[in-house]
Amino acid sequence: MTATIVSAADAGYFDLLQGLVSSVRDKPEGRNFAVSILDVGLEETQRQQLADQGCTVVQPGWDFDVPRSMNAPPHFRSLLARPFLPKYFPGHEIYLHIDSDAWVQNWAAVEWYLNAAKSNQLAITPQIDRSYNTNYKRPRPYRRTQHYRSFKWSYGWHTADRLGRNPILNCGAFALTADAPHWEMWAGAIRSALARRSILPRQGWPHLHFKLIEQTAMNYIVFGQNAPSTFLPATCNWFCALATPKLNSATGNLVEPNAPHQTLGIVHLAGEDFQNRPFTLERLDGGKVESRLRYEDLQNFRGKPHISG
């Protein structure tokens, strides 16, 4: 089946996007793989650079009527365009979306997403793992969690009480076939949330919950409308902000912090400035090394038999 990897960026996120594109193109399986980019504020030179790398670049419009009171910045178009990827990039049978602050380390994860989506299921990774620090912190009161508040903001407290206890399905990486019913269901769920907010009095700046509106809507159709789905392991969308990986010095790969230390497939740097933060990485062979976790930084460790630190 023909497939494309889709991402999005503005000029400020271009360096991160380049890391994602390079992480695809540098692998034998990714050299000729279709890569599609939603342009929400790139510069002309950046567009040309992407074109030179064989990427298809499209500028999305506003696919929903967003209330003016939300003061949505231009780059939010990329969030609201996600249910319409087959419209913006026609001709593919499977769409694998990967956020621009993530990159592909092990191509096996790409194959897992694509194969899982072939049966018209949503292939997505829950934001849970035995290594994530959220398991070991004092839990927040249920109604103070971000997940609950996002559901309440979008669909009201009845829905939040019913669905907000489920794990977060993170939209930073997901795969769907072009003819899957999820696209229409997803768009409908976003439309319902926006319609609800447009008739309610404004309750402070809604940036956080609006920023999560498409992810909350995806969670809504899975847990509230039983959209067919299959959940992939955390290595397919690893949140470095929740668990610092370890480093396999022999391969230069980032691995799970706990045994059996499986190689991470997609490395995700979501979170406030985690893209630029230096991490202290424990090596499997002992010792530590400090580095950012961007794709280009990790290339410094590739092919080296020993890493000092």
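If you run the Gaussian network model on the chain, springs between alpha carbon atoms under 10 Å, then out of P60, P90, P260 the most flexible one is P260.
Between L284 and T244, residue separation times 0.36 nm minus the direct Cα-Cα distance comes to 13.1 nm. Residues considered: L284, L264, L50. Largest GNM mean-square fluctuation over the chain, using C-alpha springs under 10 Å, is found at L284.
Given R₀ = 30 Å, what would the calculated FRET efficiency be for N226 paired with T45, taking r from the Cβ atoms and rounding to 0.05? Mind dumping the intermediate values first?
Details: r = 46 Å, r/R0 = 1.54.
Result of the calculation: an efficiency of 0.05.
Each of the peptides 17-30, 153-166 was scored by the mean count of other Cβ atoms within 10 Å over its residues; in descending order, highest first, they stand as 17-30, 153-166. Just to be sure I understand the curve: with the Debye formula and one point per C-alpha of the stretch 1-113, what is log10 I(q)/I(0) at q = 0.15 Å⁻¹? Here log10 of I(q) over I(0) equals -0.63.
Here each label is just a point 7 Å from Cα along the line to Cβ, and for H158 and N135 those points are 3.6 nm apart.
Determine the dipole magnitude for the stretch 239-301: charges of +1 sit on the beta-carbon of Lys and Arg, -1 on that of Asp and Glu, nothing else is charged, the reference point is the Cα centre, and the result goes in debye to the nearest 20. Present the calculation step by step, with values, prior to reporting the outcome.
Details: 6 positive and 8 negative charges, 15 e Å.
In debye, rounded to 20, the stretch 239-301 gives about 80.
The value of relative contact order for the chain, using C-alpha pairs under 8 Å at least six residues apart, is 19 percent. If the chain linking K211 and N32 were pulled fully straight, counting 0.36 nm for each residue of separation and taking away their Cα-Cα distance, it would gain 61.2 nm. Between A195 and A11, the simple label model (points 7 Å from Cα in the Cβ direction) yields a spacing of 3.9 nm.
L254 sits among other residues whose Cβ lies under 13 Å from its own Cβ, and their net charge, with Lys and Arg +1 and Asp and Glu -1, is +2.
Between D65 and K118, the modelled label-to-label distance comes to 4.3 nm, taking each label 7 Å out from Cα in the direction of the beta carbon. With the highest mean first, a sort of the peptides 112-122, 167-177, 94-104 on other beta-carbon atoms found within 10 angstrom per residue produces 94-104, 167-177, 112-122.
Coordinate-derived values only; no laboratory data. All values derive from a computational prediction rather than experimental measurement. Please note: Cβ atoms are built from the backbone with ideal geometry, for glycine as well, and neighbour counts cover all protein chains shown.
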